[in-house]
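Here's the structure we're looking at; comments come further down.
The values are calculated or read from the model by the stated rules, or taken from the named source; none is laboratory data. Treat the numbers as computed from the prediction; the structure is a model and nothing was measured. Don't worry about glycine lacking a Cβ; one is built from the backbone with ideal geometry, like all the others, and counts go over all protein chains shown. The accessibility values were calculated without ligands, DNA or RNA, using every heavy atom of the protein model including side chains. Shrake-Rupley method; radii C 1.70, N 1.55, O 1.52, S 1.80 Å.
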Amino acid sequence: MQRYYFTVHFLPKQANLALLTGRCISIMHGFILKHNIKGMGVTFPAWSDSSIGNVIAFVHKDMEVLNSLKEQAYFVDMQDCGFFKISQISTVPDSCQEVRFIRNQAVAKIFTGESRRRLKRLQKRALARGEDFNPKKVEAPREIDIFHRVAMTSKSSQEDYILHIQKQDADCQAEPVLSNYGFSSNEKFKGTVPDLSPLIESN
């Protein structure tokens with residue numbers, strides 16, 4: 001299947017990459033929900049063990065869809081202000097390796113704040129069902145592979161939350177079954193995206 005992509009390069013040297021990445025994903029998330037678009041993928045060509053990188057790319061089979069996303073006011077304004085450099089839409093080369101960027105919600109459960117929020121939600125549900133709430137003791141966390149954080153804000157509740165993203169190599173291109181954030185998951189969403197790192201200058 002032929003795919004296309006464009007990249008957004010964050011230009012400020014001291015940029016908060018988690019925040020800028022989150023803003024870009026929020027714009028895409030709203031855009032695909034509004035227009036009922038499926039199969040939009042997110043890939044991080046400058047990903048490394050230490051950083052999510054200063055480039056995000058959006059991948060889709062329809063060039064017109066990408067063009068409309070690229071024209072969203074946030075991207076246009078950030079480019080006009082000199083904060084973003086946005087590429088032309090290009091064809092994904094056949095030579096690209098395939099990867100999965102996985103939103104791993106199990107990572108969030110390790111952190112105290114997230115555990116507290118989760119317990120609150122479970123307590124609320126139990127009370128709504130008229131049940132007693134007896135949380136089980138959480139097991140010691142197992143070792144977790146490298147992940148990076150993406151900072152998000154819920155439009156409806158205005159609450160901040162974090163997406164924990166991990167990179168995984170894939171053997172071959174899979175159908176773009178991806179979440180509304182453009183990611184794979186450990187269970188439901190098994191789509192792949194191209195590894196564009198050989199094509200990108202991240203400095």
**Asked** Just for region 8-59: of the residues that are in contact (Cβ under 8 Å) with a residue 12 or more places away in the chain and of a type in the set (Lys, Arg), which one is least open to solvent (accessible area, probe 1.4 Å)?
**Response** ARG23
**Message:** I'd like the full set of residues that are surrounded by fewer than 14 Cβ atoms within 10 Å (Cβ to Cβ), of a type outside the set (D, E, K, R) and touching a residue at least 24 places away in the same chain (Cβ under 8 Å), limited to region 169-203.
**Reply:** CYS172, PRO198
**Prompt:** Of the residues in region 70-91, how many are charged (D, E, K, R) and either surrounded by 15 or more Cβ atoms within 10 Å (Cβ to Cβ) or under 30 Å from ASN186 (Cβ atoms) (or both)?
**Reply:** 1
**Asked** What residue, of ASP62, ASP94, is more than 19 Å from the chain's Cα centre (by Cα), modelled with pLDDT under 95, open to solvent by 60 Å² or more (accessible area, probe 1.4 Å) and at negative phi?
**Response** ASP94
**Odd one out for LYS13, checked against (1) modelled with pLDDT under 95; (2) within 23 Å of GLN166 (Cα to Cα)** = (2)
